[in-house]
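Structure first, then comments.
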Amino acid sequence: MKLNCTKILYIILFTLLLFGCNTTKRVPDGKKLIVNSAIKVDSVKEKSEDVVNQLYQKQNSSILGYKLRLNIYNLAKQNTDSIYRAKFINNPKKYYRKAKWLSRKQVKRLGESFWYSGIHKFLMKTGEAPVILDTSSTRKSLRRLKLYYANEGYFDVKSNYTIDTIGPKKVNVNYSVSKGKPYVIDSLETAIKSKVLDSIYQLRKKNSFIKVGEQFKRDKFEQERNRITEEFRNNGAFKFQQNYITFEIDTIKRNHKPKIIVKIDDEVKRENDTTYLKPFDLYKISKVNVFTDHSTANPNAKITDSTTYNGVNLYAVNKLKYRPKAIANGIFINKDNYFSDFRTSITSRYLTNLKVFNYPLIQYVEDKNVENGLIANIYLTPRKKYTFGFSTDFTHSNIQDFGISGTTFLSIRNVFNGAETFDLGFRGNIGSSRDLANPNNTFFNISEVGIDAKLNFPKLLLPFNTEKIIPKRMIPYTTLSVGYAKQRNVGLDKQNFTSSLSYNWTPKRNVSFKFDLFNIQFVKNLNPSNYFNIYNSSYNALNSIAQNYPVNPSYLDTDGNLIIDEGTVGFLTDAFTDPNLNLSLADLKSVLSILERRVRLTENNLIFASNITYSKTSKKDLLDNNFYAFKTKFESAGNVLSLFANASKQLQSQTGANTIFDVEYSQYVKTEFEYIRHWSISSNKVFAAKGFFGIAIPYGNSESIPFSRSYFAGGSNDIRAWQSYSLGPGASASVLDFNEANMKITLSGEYRFNLLGKLNSALFVDAGNIWNVLDNVTTESSIFSGLNSLKNIAVGSGFGLRYDFNFFVLRTDFGFKTYNPAKPENEKWFKEMRFDKTVLNIGINYPF
């Protein structure tokens, strides 16, 4: 009864907040609250953001029709200082009692405290003040609407507005626009006074954004102005600026078919008090000077060392610390070439990408000794040669209950005087696990140490010249990395060695390639037989099951418990092969889960792979919410090792597979495709979608894909209604601890919107699953057998809250299983859409 009363109270409070707020509470007498601003264009309601944003006054924001921020604002008390003072003016004795108990100063501060004043300031800041009708703003809005459509080619726009009273202190504002007949460009002419500029324009006029026969669009003229300026400045017109370009639009007696004239005047020159016009000149680079150790604190320091390489003059205040070729390779501003903004930009990008200099300063000055000559001065400020740092973190996983991890790193720049960078990192972890056999009762009974090294070269390290295929303007670089880690956390003495050689380049601004010539991962467990000594919970579960069946007596000790390792391994094998045991389905699933976990945590891996990754995005900056991103990857593993094993006649394992260093190497091909698209609906509303497909096919020396290269489903960045590794494969019932497979399909959609202030929300739907295909799995419910298997795509839906801290976003998502393919036919849809079945995901930044 008490619980029911509490629920009723919450419902009443929520109803009061939802419906009890008076939206006109803060609207002064004689004023009107704008409830709705509607725009009709040619009698059709217009809701596009570009059009609505023309209004100076819009109604208060709402969420599903409820004006949340307005009602939050209305909850705040106005003039809290006056209210607080009036309380004591009306009751002086109360003031003296408080002043005696606290002090006069503290009584004053009490009025400024959060509970008296701050909470109301917070409500007003978080909320939204009522939008009061202002007819002057309404008339301005009407003029902006006319101008907007005029810029779209409708020069004969007619418009008006009406104000409808819908209640006390409430109005609707209705705007009506009639566009009329659009204007279509009939002809395009030029009037360019400078002959050199006219010749550049004529050579590239086919790229013009202004097209004959197309409707007049103001933004096309801005794009054309930018294009012309870019073309001129990339071909030597050093002194040309956008303001020299004007467009003359002739509409007189042309029946909605204007003539466009592109007019470009001569350069304005100034000598003393005299101004005159002069045709533009094209400038060439006469000198390229690079100051390799420039200091803003001492910019005029004396140069003591210098050299010249390929027409580039390098200077240093101290001894020159860089090989001339390493710096000159990043200079795209060449002597005797025409001035170019593009070459300036790519030089800046290349030098920044070296990571040994701060952002470079590039300046041009006229060369007094060369007619129309420019001296390019490039100022480079070196970063510190050594950078040291460290970090710590607290961890929790299914292996350790509590852990402390720490990392240290050392960065060394310009290692070999060729702008190379070297990163060296050490990492360590100590932790505690209740599953771990711990005879000495030591709290920290888990440990791991590792070392990672990475060397970057600002070029492609290959025995042949790649300039014609991958020129230096694509900013290529090579990364060689090596890593080693050793664990003594589960008594298996696990060793992990990794190494890779990667080539990276960017053909275009938003396009990148990465090619791993080799990517090696070698994992070996030196003591796997000790597994059940370590994982007591797994042993106890297995031993408990064994007590209920006629186990081979040789598997048991004198107390009747399974012997480690002979008894546990024997029982695991007999559970699936000995018909006399006849385990129940529930026990068989439990044994299978224990076996799978043991295999995955003790398996050895040798992966020798090569892969190439292609990425492309249209995203312009961090604030761009209208973009796409595409990424694809192809990987092949084991072919080189297969040739080596066959040539050297390496031994085969018991399964008939070849081994290297007594470890079966993996052989497979793998490909992935990912596409992300964001649509900006309004300034604070975004719809985002993501699609992913990946498949890895084993062959040759392998019948399955190694765990580190397989796919799993679920988690905060995947299908959020399931936890990581808990979904699939296919329609299987997820009885294993680590559910993974070699094929994956996912599709997610998310509608993001602002709730209030920096608190945002989202509604999402995730769909997808993993399957086994062309490997050694025989369970029908886990295998992808054609389009019919798509019926086992799981669907999760839910909502999320995200708080924007500017430098990162804290995200919580609540996922509900909408369609669960593992359930019986009549229980697949909506049966688990309950809060007691929800999955809470906590993540940093957006899922995609």
The rounded separation in angstrom of the Cα centers of segment 665-695 and segment 768-827 is 15
Stretched fully, the stretch from LEU790 through ILE697 gains (0.36 nm per residue minus C-alpha distance, one decimal, in nm) 31.6 nm
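So if each residue of separation counts as 0.36 nm, and I subtract the Cα-Cα distance between ARG509 and TYR628, what length gain in nm does that give?
41.4 nm
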Between PHE357 and residues 5 or more places away or on another chain, the pairs with built amide H atoms under 5 Å apart involve ARG383
1/(1 + (r/R0)^6) with r = Cβ-Cβ of ILE166 and LYS831, R0 = 41 Å, i.e. FRET efficiency to nearest 0.05, evaluates to 0.40
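ASP557 to TYR803: extension gain in nm, 0.36 nm per residue of separation minus the Cα-Cα distance? Kindly include the intermediate steps, with their values, before the conclusion.
Values: separation 246, 0.36 × 246 = 88.56 nm, distance 5.74 nm.
That pair, ASP557 and TYR803, stretches by 82.8 nm at full extension.
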Computed Rg/Rh for the chain (Cα atoms; Rh = Kirkwood radius) stands at 1.03
Taking R0 as 56 Å and r as the Cβ-Cβ distance between THR407 and LYS253, the FRET efficiency 1/(1 + (r/R0)^6), rounded to the nearest 0.05, comes to 0.15
The rounded separation in angstrom of the Cα centers of segment 506-531 and segment 200-237 is 47
Diffing segment 413-418: the Karplus 3J(HN,Hα) column from phi (6.51, -1.76, 1.60, θ = phi - 60°), in whole Hz with x for Gly and Pro, holds 9, 6, 4, 10, 6, x
Cβ density ranking, 10 Å radius, fewest first, applied to LEU790, LEU755 yields LEU790, LEU755
With label points set 7 Å from each Cα along the Cα-to-Cβ direction at PHE122 and LYS158, the distance between them in nm comes to 5.5
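Treat the count of other C-beta atoms within 10 Å as a stand-in for reagent exposure and order VAL415, VAL41, VAL290 from fewest to most.
Lowest to highest Cβ neighbour count: VAL415, VAL41, VAL290.
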Taking the alpha-carbon centre of each part, the distance from segment 40-76 to segment 315-385 in Å is 51
Calculated from DSSP helices alone, with each H run of at least 4 adding -39500 (n - 2.57) and the total divided by the residues of the chain, [θ]222 nm to the nearest 500 comes to -6500 deg cm²/dmol
So the FRET efficiency between PHE661 and ASN776, C-beta based with R0 = 22 Å and rounded to 0.05, is 0.40
Evaluated at 37 °C and 0.692 mPa s, the Stokes-Einstein D of segment 584-724 based on the Kirkwood radius over Cα pairs, in µm²/s, stands at 176
Once the dipole of the chain is set up from charges on Cβ (+1 Lys and Arg, -1 Asp and Glu), the residue from the list PHE409, PRO476, ILE676 lying farthest towards its positive end is ILE676
By the DSSP-based rule, helices of the chain that are at least 20 Å long along the axis (C-alpha) and have a mean Kyte score of at least -1.0 are 2-19, 585-602
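No value in this document is a laboratory result; all are computed from the given coordinates. Bear in mind that the values here come from a model prediction, so they are computed numbers and not experimental data. Here Cβ is always computed from backbone atoms with ideal geometry, including for glycine, and neighbour counts include all displayed protein chains.
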